[in-house]
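Below is one structure, written out as C-alpha cells, with a few remarks after it.
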Amino acid sequence: MLFVSWSFAVFLPVVFALYFLGGRQGWQVTVLTLGSFVFYGWANPGLVPLLALSALVNAVASQELIAPDRSAGRRRVVLVLALLYNIGALVFFKYAALLGGMLLPEELWSRWGPWLRGIPLPVGISFFTFQGISLVVDAWHAGTRGVPGLPPPVSGREVGWHYWKVTFFKAFFPQLIAGPIVKANEFFFQIGPKRLREVDWYGAVRLLILGFFLKMVVADNLKEVTGGIRYPEFLDLPRINLIALLYAFSFEILADFGGYSIIAMGLAKLFGYELPRNFNHPYLSRSITEFWRRWHITLSSWLREYLYIPLGGNRHGALATYRNLFVVMFLGGLWHGAAWSYAVWGGAHGLLLAGERLLLKQHQQAVPTGWTLTGAARAFLTFSAVSLLWLLFKLPEFRHVLEYLGCVARNGGGPKIQPLYVIAVFAAPVVLWELWGAAESVRGRWTESRRNAVSGLLYAVMLFLILTNSGSPGEFIYFQF
C-alpha cells in the first residue's frame, strides 16, 4: 500500500480510530500489528507469511538470548542460527540470481537460471531483515538484562507478549517498507498505552505536510523529466541537458526518499511513537564523510554499529581502517540491489571515504564547518560527486553508465529548454530546503512569533501546492531495495 494512494487515505483513519478506541496497550499493539500486516499484504497477500515467519524466528531467538537460564553455548548457537536465517532469507530472495550466475557452471545455469531470476523480491525485505539482525545482536549483548522495554519473559503469558511485541516491532507499518531502519534499543521502550490527548498534532502535521510535499510535488514531478536517463533515450540529448538530469535525479532521490522518511516519522507520531531522523540536509555536506552522517542516517548508523565496528573499525591501524571502510560501503552498495552497479556505487563511496581520511590525516586538517567560500566550494564538489554516482542507481547496467558519460563528453547542440525549466522549478524547493537548514543559526535568533509566522506561511504554501501541483503518483524509489 502506498502512502500516496486512496486506499491508504481510507486505511489510516480506520486504524487510527480503532487504535484509540481502546486505551490498553495490548489492544493498541494488536490493532497496529494487524493493520500493519494488512498494509504490507494489500497488493500481494503472499508476502504476509514471509514477514510473519521473520517475526516469529526473531522473536524466538531474542527470547532465548535474554532468558536467564540459557548457557553461553546455547546462546551462541541461537545467535548464529538467527543470523543465518536473516542473512539467508535476504540472500535467497535478493541475490540468488546474481550468485547463481557467478557460481553455477554454464549447463546448470541454463537449467536453473530462469527459476533463480524468477524469484520475487519481497518489498521492504532489506529493511525488516536489518531490524531482525539488530534485535538478535542487541539481545545477545544485553543478555539477561534484556533490551530496554523487552525484559526477559518468565511466565508463559510473558513469552506470548514478548513474541507479540517483536512482531509489532518488525511490522510497524510507517517504517516497514523503506525505513527508517529502527534498532531494537530505539523502539521497545516506547511501547505502552497511548492517549489521544497526548498526540503531538502540531509535530505530526508539520512532518506529514513536508513529507507529502517532497514526494508528491517535487519527486513525482521531477520523475517525469529524469525518465530521460534511460537507454537509448539519452543518446541524442545535448550535454547541458545530460548534466542537468544528473542533478535533477539527485534532487529527486532526496525528495522521494527523504519525503518517505519524513512521512513515516509523522505517521508514527500520530500513534505516539518516535522514529529516528533519517536525513539532515545531506547536500550541505562538505565531504563524503559528512554526507554519510547526514544521508540515510539510520543505514549509516546500522552499518557502523553492526558491521564496521565488528570488523575492527579504526582500532587496528590505518590500512585496516581503509579496508574496513571500503568493505562496509561495498556491502552497503550491494544491500541496495543485486547488481554490480550498486557494488561499484558502494565501492566508490568507500574509496572516497578512505581517500578523504588519508588526505586529511596527511595534511593534518579538518573539514571547515563555517560557510566560507571554501566551505561552499567543498559542498558543491561533494554534491557533484554524489550526483554523479547516483547515475549508477538510474542505470543499473554499467555499460549504459559509461555510454551516458561518453555522451556528456561528446554531445553538442543547443539546450532543450522545456526539461530544463521543469528541473529548475521543481528542484528549487529542495535547494531552498537545504538553504533553510544552512540558515539554522540565523533562524535561531528570530523571535518566536516571527518563527511561527514564517513557518505557518511555508506550510500553508506547501499544503496548497500538494492540492494543486502534485505529479502523477508513483512508487517510492527505495521500495525496490
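The values are calculated or read from the model by the stated rules, or taken from the named source; none is laboratory data. As the structure is a prediction and not an experimental result, all values here were calculated from the model. Here the Cβ positions follow ideal geometry from the backbone for every residue, glycine too, while neighbour counts run over all protein chains shown. Note: accessible area is taken over every heavy atom of the protein model, side chains too, but ligands, DNA and RNA are not part of it. Shrake-Rupley method; radii C 1.70, N 1.55, O 1.52, S 1.80 Å.
Details
- The heavy atoms of Val461 offer some 70 square angstrom of accessible surface to a 1.4 angstrom probe.
- Normalising the Debye intensity of the range 400-470 to I(0), with uniform scatterers on Cα atoms only, and taking log10 at q = 0.12, 0.13, 0.23, 0.28 Å⁻¹ returns -0.59, -0.65, -1.12, -1.24.
- Here the sum of -39500 (n - 2.57) over DSSP H runs of 4 or more residues, divided by the residues of the chain, equals -22000 deg cm²/dmol at 222 nm, to the nearest 500.
- Estimated translational D of the range 137-236 in µm²/s (Stokes, Kirkwood radius over Cα pairs; 25 °C; 0.890 mPa s): 140
- Carbon-plus-sulfur accessible fraction, the chain (probe radius 1.4 Å, protein heavy atoms only): 66%.
- Cα-centred dipole magnitude for the range 38-192, charges only on beta-carbon of K, R (+1) and D, E (-1), debye, nearest 20: 180
- Where Cα atoms sit under 13 Å apart: lysine pairs in the chain separated by 8 or more or lying on different chains: 4
- In units of the compact-protein estimate 2.2 N^0.38 Å, the range 274-405 shows a Cα radius of gyration of 1.08.
- Here the chain is described by how far its Cα atoms reach on the three principal axes: 74, 64, 51 Å, from widest to narrowest.
- Share of pairwise Cα separations in the range 252-345, more than 16 Å, in percent: 64
- Calculated diffusion of the range 1-84, Stokes-Einstein form, Kirkwood radius summed over Cα pairs, 4 °C and 1.567 mPa s, µm²/s: 85
- Accessible area per residue for the range 237-349, computed on protein heavy atoms with a 1.4 Å probe, is 31 Å².
- Pairwise centroid distance, computed over Cα atoms, of the range 401-451 with the range 185-251, Å: 14
- Volume per residue of the C-alpha convex hull in the range 373-438, rounded to whole Å³: 131
- Rel. contact order, % - alpha carbon contacts under 8 angstrom, at least six apart, the chain: 19
- For the range 87-119 and the range 1-40, distance of Cα centres in Å: 37
- Arg75 exposes around 40 Å² of accessible area when a 1.4 Å probe is run over every protein chain in place.
- Accessible surface, 1.4 Å probe, highest first, among residues Asp138, Asp200: Asp200, Asp138
- Order of exposure, largest accessible area first, which applies to Met102, Met462 with probe 1.4 Å: Met102, Met462
- Nearest-20 debye value, the range 374-474 charge dipole, Cβ charges on Lys, Arg, Asp, Glu: 160
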